[in-house]
Amino acid sequence: LAFLELGHRLDRETSGVLVLAKRRNALLQLHRAFRERVSEKHYIAVVSGRVPKRDRVLRHRLQRYTGAAGERVVRVEQEGVEAVSVIRGLGSLERDTPSQISTVLVRIETGRTHQIRVHMAHIGHPLLGDAIYAGPMQMGISRQALHAYRLSFHHPITGKPLAFEAAPPSDMGELLERLGLQKG
């Protein structure tokens, strides 16, 4: 193929659905759909703490910075760009310690750098395995516990509705099973 471009991005350690475009005009239409919020991106996250089983809209302004080691770091800041995530707790598990672990369904309305990770840490529920945003490093997962499981949009050329899903990879699937929080 002469042309093959990534239609959107995921954070380096996030697993899940990706879309590639084989034509430049399709790529531009995909970018437009994501920018104008006419697509839907759903994620599953495993976080510290108990997240209620109800929808909650997180609307915070995010600002990107470069860390001391050259890494990208994002913070909630007034001068940042608006980011919107809708979260819903799917279930919680009481562990041996007083803390809890929850699985969370996240639908993002914007696609900012580290958006889900920063939103969840900001409300006191960092992702398991997220070294940048102080997520607990436990339960046998060596990356942030975040999986892009569903992406839906209209085909950029034909307009036909499309939806793609990806099962969690083995590390995340095993974590969900161990916790008894497998998405149902």
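The values are calculated or read from the model by the stated rules, or taken from the named source; none is laboratory data. If you're wondering where the values come from, they're calculated on a predicted model, not measured in any experiment. With ideal geometry, Cβ positions are generated from the backbone for all residues, glycine too; neighbour counts draw on all protein chains shown. Please note that ligands, DNA and RNA were not included when accessible areas were found on the heavy atoms of the full protein model with its side chains. Shrake-Rupley method; radii C 1.70, N 1.55, O 1.52, S 1.80 Å.
Tell me, please, whether a residue that is touching a His at 6+ places or on another chain (Cβ under 6 Å), in a helix (DSSP H, G or I) and aliphatic (A, V, I, L, M) can be found in region 156-172. Yes - at least one qualifying residue is present in region 156-172. If you go through region 1-44 and pick out every residue that is within 13 Å of His154 (Cβ to Cβ), charged (D, E, K, R) and assigned to a loop (DSSP other than H, G, I, E, B), you end up with 2. In this structure, is Thr113 at pLDDT 90 or above, part of a loop (DSSP other than H, G, I, E, B), surrounded by fewer than 19 Cβ atoms within 10 Å (Cβ to Cβ) and hydroxyl-bearing (Ser, Thr, Tyr)? Yes. Of the residues making up region 135-148, those that are surrounded by fewer than 21 Cβ atoms within 10 Å (Cβ to Cβ) and either of a type in the set (S, T, N, Q) or at pLDDT 95 or above (or both) number 2. Contact map, region 161-176: first residue within 12 Å of Thr14 (Cβ to Cβ), second residue open to solvent by 50 Å² or more (accessible area, probe 1.4 Å), Cβ cut-off under 7 Å, separation 6 or more or different chains; the map is empty. Residue-level check: of (1) without any contact (Cβ under 8 Å) to a residue 60 or more places away in the chain; (2) under 18 Å from Ala148 (Cα atoms); (3) surrounded by 18 or more Cβ atoms within 10 Å (Cβ to Cβ), Val46 misses just (1).
In region 85-103, of all residues being within 22 Å of Gly180 (Cα to Cα) and at pLDDT 95 or above, the one that is most open to solvent (accessible area, probe 1.4 Å) corresponds to Arg88. Selection within region 116-134: residues that are out of contact with any Phe, Trp or Tyr (no Cβ under 6 Å at 6 or more places or on another chain), open to solvent by 10 Å² or more (accessible area, probe 1.4 Å) and in a loop (DSSP other than H, G, I, E, B). The member of this set that is nearest to Ser92 (Cα to Cα) is His125.
Taking the listed residues Arg56, Arg75, Arg64, Arg24, the one that is surrounded by fewer than 17 Cβ atoms within 10 Å (Cβ to Cβ) and without any contact (Cβ under 8 Å) to a residue 24 or more places away in the chain is Arg24, with no other qualifying.
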